[in-house]
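**Student:** Would you mind keeping the following structure in view while I ask a few things?
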2 protein chains.
Amino acid sequence: MATQSREIRLARRPQGEPGFDCFAFTTVNLPDPAPGEVLVQNLCISVDPYMRGRMNEGKSYVPQFEIGKPLEGGAVGRVIASQDEKLPVGTFVFSMYGWREAFVASVSSLRVIDTTLAPPSAYLGILGVTGLTAWVGLFSVAKLKDGETVFISAGAGAVGSAACQFAKMHDCRVIASASSADKLAYLRSELKVDYAFNYRDSDPRDHLRDAAPEGLNVYFDNTQGPQLEAALDALVPYGRVAMCGGIAGYNVPVPGPRNLMHIVRKRLRLEGYIVSDHFAELPALLAEAVPPLATGKLVNRETFVDGLDSAPAALLDLLHSGAGNIGKMVVRLSG
Amino acid sequence: MATQSREIRLARRPQGEPGFDCFAFTTVNLPDPAPGEVLVQNLCISVDPYMRGRMNEGKSYVPQFEIGKPLEGGAVGRVIASQDEKLPVGTFVFSMYGWREAFVASVSSLRVIDTTLAPPSAYLGILGVTGLTAWVGLFSVAKLKDGETVFISAGAGAVGSAACQFAKMHDCRVIASASSADKLAYLRSELKVDYAFNYRDSDPRDHLRDAAPEGLNVYFDNTQGPQLEAALDALVPYGRVAMCGGIAGYNVPVPGPRNLMHIVRKRLRLEGYIVSDHFAELPALLAEAVPPLATGKLVNRETFVDGLDSAPAALLDLLHSGAGNIGKMVVRLSG
């Protein structure tokens, strides 16, 4: 059997905002699986803002994408040929093999998912790396406690949506920001946040003062930039910031906050993290998130685009200011 | 007995760099001590950079100086009249009653110091709040471990000098910055740091690369500003920053670092603290610091100025860029 797979490779590193010329489509011939390996056909692949960072020239501590190699990322697929009894044909698996239609891999690099509990794409979203990123930031990094007040920037994004809901499940007061009326409506009516505001057409400082006159206990930072500055103003003494991303500066550098003295005066803690350090916490997330997802209490909103060809545009959209997507961006493949 | 005391009050809050018009001298009549109180004559008072921050308009979480009230701060004095047998006449005490010649206070607000182990002024320096500030930042906040590499900005200042020496006592590689040739010589020959550089006449980035090609484990930040930005570049993954002060921006705001994405990518932790939360750690500091101070292995360098009238100039000097003092600034009173 000679299986072909189309894949998307990094063609060049972007300077500033990336364009289509950063991506190259190639068709490769896959080998037959060797013992201990399986052939997986992908059903859906994940598109995430953090991929922008991995497109840059790299240092050793961040595994950057390599030029000429396929873009890595979360993917859910089905085993279609197996040389290992642990993963028979038909098994659904999660992998980090990213933007390709199919691949051959050792079974140890794959994680079996239970598609009777939730649809495959949910394992790219709130039950997968996206949800875990929210979970880890809130509870492991920022040590959010029940009943506290938390501000979540980019709250309508995939990670933000999960964070808003997990915080609500813990009886927290949730303030979230987004960039469009649609997203604000989604935050208010579907995610039930306590206060949502548009960070573009008004000053985040004013909103945080109105929404949390007693101050913020935690800021879940997806943006850096002016919203981080506003949050530093609004945090209470001993407040914590989970530094998850910096979408405000992914394409162009943004000035740093001018009020870092708050960190000293208010004894704040700012801590960055990368979800791959925390995969061991996934079972705890699944235990808490699967039941409400099954009953519809937890929302896993997705934006689907179809076909591998759509992936670059989906990523550029996500990065481009004014992107219209809400929730998790998933590319569906005609598996 | 009607005892008089001269004291220095905050006359007005400074805009930008403070001037002599921020201070007002007043003579007050002290009451006789009531039961449970003592009358203390100060021998020396502390002058510290953090006092600048307390001169600003305040919020509740920072105890700001009040206009028309004496400036608070560390002081060492001797009991000269007592209404409590726990503190008989002649006892040496540390207080936070600040810039005044004498005061009456309840014994519970005073801490007895042992002047047979070290001279009184040492309890304002390396054995007092100054030393504790260094100790807490390195070991409690940044969790510095033996053998790690640490960068200490304003290393020749009072807190910085203590931090350099405590880190050396723990076999760390110590990199320190300062602003003059004298201070660099002091860092190298007296404090025995491994690498010292002038942050003004060269790029801190280049020095940190040369001094720590493997990167920094910890940055003890007294300055914020460009040195914080350079340290964020140089920290290793999981590096820690103890945010102790921001002298670069005490008088005028400085732009924030443009590279906060390092916090995410390298999983850094930045944490502010205020030493008054950590007074319980003083006995641990004394246990470690008194013996080497007695043998001269630990240096408690002091700059003395004489008389209460000298205090404002001493503070302005300390804050003014280009200040020539090295080590702990102490005002000696003619007690």
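**Student:** Could you check the range A:173-195 and list, in sequence order, the residues that are touching a residue at least 40 places away in the same chain (Cβ under 8 Å) and open to solvent by less than 10 Å² (accessible area, probe 1.4 Å)?
**Tutor:** Listed by number, the residues that qualify are A:175, A:177, A:186, A:191.
**Student:** Tally the residues that are more than 18 Å from residue B:334 (Cα to Cα) and in a strand (DSSP E or B), restricting the search to the range B:1-29. Before you say what the answer is, go through the steps one by one.
**Tutor:** Taking the range B:1-29 and keeping what is more than 18 Å from residue B:334 (Cα to Cα), we get B:1-2, B:9-24, B:29.
Pick out the ones that are also in a strand (DSSP E or B) and you get B:9-10, B:23-24, B:29.
Going through the range B:1-29 one residue at a time, the tally reaches 5.
**Student:** Kindly evaluate residue A:287 against the criterion of being modelled with pLDDT under 95, out of contact with any strand residue (DSSP E or B) (no Cβ under 7 Å at 6 or more places or on another chain), under 22 Å from residue A:46 (Cα atoms) and open to solvent by 50 Å² or more (accessible area, probe 1.4 Å).
**Tutor:** Numbers: modelled with pLDDT under 95: yes; out of contact with any strand residue (DSSP E or B) (no Cβ under 7 Å at 6 or more places or on another chain): yes; under 22 Å from residue A:46 (Cα atoms): no; open to solvent by 50 Å² or more (accessible area, probe 1.4 Å): yes.
Against the criterion (modelled with pLDDT under 95, out of contact with any strand residue (DSSP E or B) (no Cβ under 7 Å at 6 or more places or on another chain), under 22 Å from residue A:46 (Cα atoms) and open to solvent by 50 Å² or more (accessible area, probe 1.4 Å)), residue A:287 does not qualify.
**Student:** Going through the range A:199-226 one residue at a time, which ones are of a type outside the set (D, E, K, R), more than 13 Å from every other protein chain (Cβ to nearest Cβ), in contact with a Ser or Thr (Cβ under 7 Å, 6 or more places away or on another chain) and over 20 Å from residue A:168 (Cα atoms)?
**Tutor:** A:199, A:204
**Student:** Restricting attention to the range A:56-63, does a residue exist that is under 25 Å from residue A:300 (Cα atoms) and either among the small types (Gly, Ala, Ser) or not in a loop (DSSP other than H, G, I, E, B) (or both)?
**Tutor:** no
**Student:** In the range B:109-139, how many residues are among the hydroxyl-bearing types (Ser, Thr, Tyr), free of Cβ contacts under 8 Å to residues at least 24 places away in the same chain and not in a loop (DSSP other than H, G, I, E, B)?
**Tutor:** 1
**Student:** Which of (1) touching a residue at least 40 places away in the same chain (Cβ under 8 Å); (2) at the interface with chain A (Cβ under 10 Å from one of its Cβ atoms) does residue B:229 not meet, given it meets every other one?
**Tutor:** (1)
**Student:** Going through the range B:216-248 one residue at a time, which ones are under 17 Å from the mean Cα position of the chain (by Cα) and among the polar types (S, T, N, Q)?
**Tutor:** Across the range B:216-248, the qualifying residues are B:222, B:223, B:224.
**Student:** Do we have residue A:205 as open to solvent by 20 Å² or more (accessible area, probe 1.4 Å), part of a helix (DSSP H, G or I) and in contact with a helix residue (DSSP H, G or I) (Cβ under 6 Å, 6 or more places away or on another chain) here? First the steps, then the outcome.
**Tutor:** Working: open to solvent by 20 Å² or more (accessible area, probe 1.4 Å): yes; part of a helix (DSSP H, G or I): yes; in contact with a helix residue (DSSP H, G or I) (Cβ under 6 Å, 6 or more places away or on another chain): yes.
So residue A:205 fits the description; yes.
**Student:** In the range A:255-295, what residues are more than 7 Å from chain B (Cβ to nearest Cβ), touching a helix residue (DSSP H, G or I) at 6+ places or on another chain (Cβ under 8 Å) and part of a loop (DSSP other than H, G, I, E, B)?
**Tutor:** A:259
**Student:** Report, ordered by the first and then the second residue, all pairs with beta carbons closer than 6 Å, sequence separation of six or more or different chains, a first member in the range A:57-79 that is modelled with pLDDT under 90, and a second member that is among the charged types (D, E, K, R) and not in a loop (DSSP other than H, G, I, E, B).
**Tutor:** Within 6 Å, the pairs are A:62/B:265; A:64/A:54.
**Student:** Might you let me know whether the range A:116-133 holds any residue that is within 14 Å of chain B (Cβ to nearest Cβ) and in contact with a His (Cβ under 9 Å, 6 or more places away or on another chain)?
**Tutor:** yes
**Student:** For residue B:252, indicate whether it is in contact with a Gly (Cβ under 7 Å, 6 or more places away or on another chain), more than 7 Å from chain A (Cβ to nearest Cβ) and within 19 Å of residue B:51 (Cβ to Cβ).
**Tutor:** When the stated conditions are applied, residue B:252 passes them.
**Student:** Something else about it: Kindly evaluate residue B:300 against the criterion of being more than 11 Å from every other protein chain (Cβ to nearest Cβ) and not hydroxyl-bearing (Ser, Thr, Tyr).
**Tutor:** Numbers: more than 11 Å from every other protein chain (Cβ to nearest Cβ): yes; not hydroxyl-bearing (Ser, Thr, Tyr): yes.
It is true that residue B:300 is more than 11 Å from every other protein chain (Cβ to nearest Cβ) and not hydroxyl-bearing (Ser, Thr, Tyr).
**Student:** Which ones in the range A:30-44 are in a strand (DSSP E or B), closer than 19 Å to residue A:112 by Cβ and not charged (D, E, K, R)?
**Tutor:** First, pick out the residues of the range A:30-44 that are in a strand (DSSP E or B): A:30, A:37-44.
Narrowing further to those that are closer than 19 Å to residue A:112 by Cβ: A:37-44.
If the condition is that a residue be in a strand (DSSP E or B), closer than 19 Å to residue A:112 by Cβ and not charged (D, E, K, R), then A:38, A:39, A:40, A:41, A:42, A:43, A:44 are the ones that fit.
**Student:** I would also like to ask the following. Just one of A:215, A:239, A:256 is in contact with a strand residue (DSSP E or B) (Cβ under 7 Å, 6 or more places away or on another chain), buried (at least 21 other Cβ atoms within 10 Å of the Cβ) and more than 27 Å from residue A:316 (Cα to Cα); which is it?
**Tutor:** Details: A:215 fails: buried (at least 21 other Cβ atoms within 10 Å of the Cβ); A:256 fails: more than 27 Å from residue A:316 (Cα to Cα).
Going through A:215, A:239, A:256 in turn, the sole match is A:239.
**Student:** Here is a check on your reading of the model: is residue A:234 surrounded by fewer than 21 Cβ atoms within 10 Å (Cβ to Cβ), more than 10 Å from chain B (Cβ to nearest Cβ) and of a type in the set (Gly, Ala, Ser)?
**Tutor:** No: the conditions fail for residue A:234.
**Student:** Here's something else I'd like to know. Working only within the range A:73-94, note down all residues that are open to solvent by 30 Å² or more (accessible area, probe 1.4 Å) and either outside any loop (DSSP other than H, G, I, E, B) or of a type in the set (Gly, Ala, Ser) (or both).
**Tutor:** Within the range A:73-94, A:78, A:80, A:82, A:90, A:92 qualify.
**Student:** Among residues belonging to the range B:95-127 that are over 24 Å from residue B:63 (Cα atoms) and among the hydroxyl-bearing types (Ser, Thr, Tyr), point out the one that is most open to solvent (accessible area, probe 1.4 Å).
**Tutor:** B:116
The values are calculated or read from the model by the stated rules, or taken from the named source; none is laboratory data. Just so it is clear, the model here is predicted, and its values are computed rather than measured. Reconstructed Cβ throughout: ideal geometry from the backbone, glycine too, with neighbour counts over all protein chains shown. Surface accessibility is based on the protein's heavy atoms, side chains included, excluding ligands, DNA and RNA. Shrake-Rupley method; radii C 1.70, N 1.55, O 1.52, S 1.80 Å.
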